[in-house]
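S.K.: Can you keep this structure in mind? I'll have questions shortly.
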Amino acid sequence: MPLLANHIAVITGAGSGIGRAIAAGYAREGAHVVLLDQNGDAAAEAAKEIRNAGGKADSFTLDVTDRDACSAMARHVADKVGAVSILVNNAGIARRNGMLGADEAVIKDWEDIISINLTGVFNVTHAFLAPLRKNKGRIVNIGSIQSFVHLRTPSSPAYTASKHGVLGFTKALAAELGKDGVRVNAIGPGFIETPLNEKVRASNPDLVKVFIDHTPLGRAGKAEDIVGPAIFLASDLSAYVSGSIVMVDGGYRTL
């Protein structure tokens, strides 16, 4: 039997990159996937690909920073699809700016990144909490190697703070929801080639080299590299795993 049969899985930021890959992977394992993204067209396209491959998928437009919209979406999914038992909080942005730029840019980075990467995780989790508790659900949060370290390359302190926050939120929620049978874990991707960093990779090959040279496996990751760990954490294979983060960084933190 597929590992995620009879589950309904919600994935945020599912229109591209890691979220899109996870949604397709979950569908292959039998889950009915609900793809949420601020770019509704991209989510719809991804859902169509899943259905064309024989999977079950729906898609809806959602801005995770809008708390009321998140609550409304949870009700909509319950009415149109069913009771959610898996939630993947993947939606996020990254900006590689420091604290020493123009005040307006520094402040905007902080507000945008925290509102999406951290508050957005809270908003969506809070909205879907009732069905997740009822169904002894599984929550998978997408953290980062920056949940632990600030990289050697110039990097936004807002992004680092947001991903530290995601890990802290994961641990706190695992402790609180364990009595309900809800497991909460995170994945810590390293340098993964996605549309989110496509422009940076194209314009700054030296930055890419810094990452690769520091990665024992000697390559950048692909979105598909995140899928296996995401399936593991959402399935019964990880029935006694909660409050943990699975690092998918090619060994970056070992050096």
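The values are calculated or read from the model by the stated rules, or taken from the named source; none is laboratory data. Quantities reported herein were computed from a predicted structural model and do not represent experimental measurements. Cβ sites come from the backbone with ideal geometry, for glycine too, and all protein chains shown count toward neighbours. The accessibility values were calculated without ligands, DNA or RNA, using every heavy atom of the protein model including side chains. Shrake-Rupley method; radii C 1.70, N 1.55, O 1.52, S 1.80 Å.
S.K.: Enter the accessible area per residue of the range 125-255 (Å², integer; probe 1.4 Å; all protein chains in place).
M.R.: In whole numbers, the range 125-255 has 47 Å² accessible per residue.
S.K.: Compute the acute angle (0 to 90°) between the alpha-carbon long axis of helix 67-80 and the principal axis of greatest extent of the alpha-carbon atoms of the chain; round to the nearest 10°.
M.R.: For 67-80 against the chain, the angle is about 40 degrees.
S.K.: First select every other residue whose beta carbon is under 14 angstrom from the beta carbon of VAL64; then total the charges, Lys and Arg +1, Asp and Glu -1.
M.R.: So the surrounding residues net to -4.
S.K.: On the full set of protein chains, 1.4 Å probe, figure out the accessible area of HIS164 and give it in Å² to the nearest 10.
M.R.: 80 Å²
S.K.: Something else now. Leaving ligands, DNA and RNA out of it, rank MET247, MET73, MET1, MET99 by accessible area with a 1.4 Å probe, largest first.
M.R.: Correct descending sequence by accessible area is MET1, MET99, MET247, MET73.
S.K.: Then there's this: So what's the gap between the Cα centers of the range 148-212 and the range 33-83, to the nearest angstrom?
M.R.: If we compute the Cα centre of each part, the gap is 23 Å.
S.K.: Taking all pairs of different Cα atoms in the chain, averaging 1/r and flipping that mean, what Kirkwood radius in angstroms comes out?
M.R.: 18.2 Å
S.K.: Would you pull out the residues with amide H under 5 Å of MET247's amide H, same chain only if 5 or more places away, H placed 1.01 Å from N?
M.R.: GLY188
S.K.: Count charges around LYS179 for me, please; just the other residues with Cβ under 15 Å from its Cβ, Lys/Arg as +1, Asp/Glu as -1.
M.R.: Once positives and negatives cancel, what remains is +2.
S.K.: To the nearest 10 Å², what's PHE148's accessible area with a 1.4 Å probe?
M.R.: Probe radius 1.4 Å; accessible area of PHE148 about 80 Å².
S.K.: Take ASP249, ASP206 and sort them by solvent-accessible surface of the protein heavy atoms, 1.4 Å probe, largest at the top.
M.R.: Descending accessible area places them as ASP206, ASP249.
S.K.: Quote to one decimal, in nm, the extra length available between GLU193 and LEU100 on full extension: 0.36 nm per residue of separation minus the C-alpha distance between them.
M.R.: Length gained, GLU193 through LEU100: 30.8 nm.
S.K.: Can I ask one more? In nanometres, what is the gap between the two model label sites at ASN39 and HIS126, each 7 Å from Cα along Cα-to-Cβ?
M.R.: Rounded to a tenth, the inter-label distance reads 2.8 nm.
S.K.: Would the range 52-181 count as rounded, prolate or oblate if I go by the C-alpha gyration tensor, calling it rounded below 1.5 in a/c and otherwise prolate when a/b exceeds b/c, oblate otherwise?
M.R.: prolate
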